[in-house]
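Notes for the one structure printed next.
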Amino acid sequence: MLDVQEIIRRIEGVAPPRYQADWDRSGVQVAGRATETDRLAVMLDPRPDNVAKALDRGARFILCHHPLSLSPRLPDRLDDYHETLRLLLASDAWLYAAHTSLDCQPLGPAAWLARRLWLVNLRVLQPLADVTASEMRFDLAEPLTTEQKSALLMLNEVASMHEEQGRLRVICESDARRKVVDLLAQATGRSIGYSALTLDEPKRSLGFGLLGELKDPLPAKQFLRDLAGCMGRDFWIAAGQEPETISKVAYCPGSGGSLVRRAFELGADVYITGDVKYHEALDAAGLVLDVGHFGLEEKMMQAFHDRLRADLGTQGVEAEFFPGREPMRLVSHGRPE
């Protein structure tokens, strides 16, 4: 069993809510009375069917990507929102959404496609901020345990750490120094003094979407076959001119249609996203592939689940992924396929 607040802390180590978009509602969606749990459920959407399955499996903490609602509303009609609330409140379970707080972490789970395609020289399509780093040095009374090191490295703000002869060196985001100090105090049961130095490097860019290069240019047809293998589907909506070869690839999970122009301004040969609108497609300066909002983000949440399962498994918490359902379907000649 693990304290619910510790689970939240580890989720926010990967997806800090302070970086979410100003219109978003990342964070706790429904507070529960459960104070600890040994099962974490992960899913894309907090739909009643998946929430019910997770609760039946014993989960008392559910992590989703899409918020239950982006604006406050009363449960004044018997819809999916009402049913999800009913299920959670009746079970004392928690619901937490990592939405744009996760999307804007370009080297986190949102980078799953970049990793699958082996993209290099990555850069953010729409930067939000450059985060500076600090070097922190601690004198330890005794070596850290494997679990303590794991908890420290799970912080998204920690770039690296090195322990030798009673001294610990941590490279982290400058504004996360208090978080590192608090974590070490909690892990060791004592307050530890430190010295800190702000560094010129490394810096980390936060923002939406990624642009990268293939290790070797590929004929477009070969790249599309590779993409189909990554997505698990061999169809999508295409717009713009297909080049003969593809070297630079841009993509953005979810609703990334607004970044079409930006992707080609930065030299992309192809831009992959979901929910592309008519005029965005009409004005595309290169090949645009709308592979679906669901597929890109379902796999992103699978990647987040894998990361949390590896971390929380050492703490006695079993993480389970609950697959979602693609709401769109392909229809040919009026018949569903």
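Could you go through segment 214-233 and let me know if any residue there is within 11 Å of ASP290 (Cα to Cα) and either open to solvent by less than 40 Å² (accessible area, probe 1.4 Å) or not β-branched (Val, Ile, Thr) (or both).
No, segment 214-233 has no match at all.
Any chance segment 183-193 includes a residue that's in contact with a strand residue (DSSP E or B) (Cβ under 8 Å, 6 or more places away or on another chain) and buried (at least 18 other Cβ atoms within 10 Å of the Cβ)?
yes
Within segment 38-46, is even one residue out of contact with any strand residue (DSSP E or B) (no Cβ under 7 Å at 6 or more places or on another chain) and β-branched (Val, Ile, Thr)? Step through it out loud before you land on a result.
First, the residues of segment 38-46 that are out of contact with any strand residue (DSSP E or B) (no Cβ under 7 Å at 6 or more places or on another chain): none.
Checked segment 38-46: no residue is out of contact with any strand residue (DSSP E or B) (no Cβ under 7 Å at 6 or more places or on another chain) and β-branched (Val, Ile, Thr).
Give me the pairs, please: first residue somewhere in segment 309-337 and within 19 Å of ALA54 (Cβ to Cβ), second residue anywhere and modelled with pLDDT of 85 or more and loosely packed, with under 10 Cβ neighbours inside 10 Å, beta-carbon distance under 8 Å, and either six or more positions apart or on two chains.
none
Residue pairs, Cβ under 7 Å, 6 or more apart or interchain, first in segment 207-224 and farther than 23 Å from GLN20 by Cα, second assigned to a helix (DSSP H, G or I) and not acidic (Asp, Glu). List them.
Pairs that qualify, where the first residue is farther than 23 Å from GLN20 by Cα and the partner is assigned to a helix (DSSP H, G or I) and not acidic (Asp, Glu), are GLY212/ALA114.
Run down GLY254, GLY295 and say which single residue is within 15 Å of LEU227 (Cβ to Cβ) and among the small types (Gly, Ala, Ser).
Every option except GLY295 fails the conditions.
For GLY229, are the conditions met, namely being under 19 Å from LEU330 (Cα atoms) and in contact with a helix residue (DSSP H, G or I) (Cβ under 6 Å, 6 or more places away or on another chain)?
Spelling it out, it is not the case that GLY229 is under 19 Å from LEU330 (Cα atoms) and in contact with a helix residue (DSSP H, G or I) (Cβ under 6 Å, 6 or more places away or on another chain).
State which residue pairs qualify: first residue at negative phi and touching a residue at least 40 places away in the same chain (Cβ under 8 Å) and inside segment 274-285, second residue part of a loop (DSSP other than H, G, I, E, B) and open to solvent by 90 Å² or more (accessible area, probe 1.4 Å) in any location, beta carbons under 9 Å apart, and separation of 6 or more residues or different chains.
ALA284/GLN241; ALA285/GLN241
Return the pair list, or none, for Cβ contacts closer than 9 Å from residues in segment 120-143 that are among the basic types (Lys, Arg) to residues that are open to solvent by 70 Å² or more (accessible area, probe 1.4 Å) and at pLDDT below 95, at least 6 apart or on different chains.
Between residues of segment 120-143 that are among the basic types (Lys, Arg) and residues that are open to solvent by 70 Å² or more (accessible area, probe 1.4 Å) and at pLDDT below 95, the close pairs are ARG137/ARG167; ARG137/ARG169; ARG137/TYR194; ARG137/LEU197.
Could you tell me whether segment 22-31 includes any residue that is open to solvent by less than 20 Å² (accessible area, probe 1.4 Å), farther than 27 Å from LEU184 by Cα and at pLDDT 95 or above?
Checking segment 22-31: at least one residue is open to solvent by less than 20 Å² (accessible area, probe 1.4 Å), farther than 27 Å from LEU184 by Cα and at pLDDT 95 or above.
With the condition being modelled with pLDDT under 95 and either buried (at least 18 other Cβ atoms within 10 Å of the Cβ) or among the small types (Gly, Ala, Ser) (or both), I'd like the strands (runs of 3 or more DSSP E) fully within segment 54-173 carrying at least 2 qualifying residues.
Answer list for segment 54-173: 120-139, 158-164, 167-173.
When segment 200-213 is examined, which residues are found to be open to solvent by 30 Å² or more (accessible area, probe 1.4 Å) and at pLDDT 85 or above?
The answer is PHE208, GLU213.
Among the numbered conditions (1) in contact with a helix residue (DSSP H, G or I) (Cβ under 7 Å, 6 or more places away or on another chain); (2) touching a residue at least 24 places away in the same chain (Cβ under 8 Å); (3) part of a strand (DSSP E or B), tell me where LYS248 comes up short.
Answer for LYS248: the failing condition is (1).
Inside segment 32-56, can you point out the residues that are within 14 Å of ALA90 (Cβ to Cβ) and in contact (Cβ under 8 Å) with a residue 24 or more places away in the chain? Even if it seems obvious, please write down each step before you answer.
First, pick out the residues of segment 32-56 that are within 14 Å of ALA90 (Cβ to Cβ): 32-34, 48, 51-52, 54-56.
The answer is GLY32, ARG33, ALA34, PRO48, VAL51, ALA52, ALA54, LEU55.
What tally of residues in segment 1-21 results from selecting those that are within 20 Å of PHE208 (Cα to Cα), open to solvent by 30 Å² or more (accessible area, probe 1.4 Å) and over 13 Å from the mean Cα position of the chain (by Cα)?
Narrowing segment 1-21 to residues within 20 Å of PHE208 (Cα to Cα): 11-21.
In the following step, the residues that additionally are open to solvent by 30 Å² or more (accessible area, probe 1.4 Å) were identified as 12, 17-20.
Now restrict to residues that are over 13 Å from the mean Cα position of the chain (by Cα): 18.
Within segment 1-21, residues that are within 20 Å of PHE208 (Cα to Cα), open to solvent by 30 Å² or more (accessible area, probe 1.4 Å) and over 13 Å from the mean Cα position of the chain (by Cα) number 1.
From the list GLY240, GLY209, which residue is in contact with a helix residue (DSSP H, G or I) (Cβ under 6 Å, 6 or more places away or on another chain) and over 30 Å from GLU147 (Cβ atoms)?
The match here is GLY209.
Among the residues of segment 174-195, count how many are in a loop (DSSP other than H, G, I, E, B) and touching a residue at least 12 places away in the same chain (Cβ under 8 Å).
Kept after step one, since they are in a loop (DSSP other than H, G, I, E, B), are these residues of segment 174-195: 189-193.
Checking the rest, the ones that are also touching a residue at least 12 places away in the same chain (Cβ under 8 Å) come to 190, 192-193.
Number satisfying all stated conditions: 3.
The values are calculated or read from the model by the stated rules, or taken from the named source; none is laboratory data. Because the structure is predicted, anything quoted here is derived from the model rather than measured. Neighbour counts run over all protein chains shown; Cβ positions are idealised from the backbone, glycine included. Note: accessible area is taken over every heavy atom of the protein model, side chains too, but ligands, DNA and RNA are not part of it. Shrake-Rupley method; radii C 1.70, N 1.55, O 1.52, S 1.80 Å.
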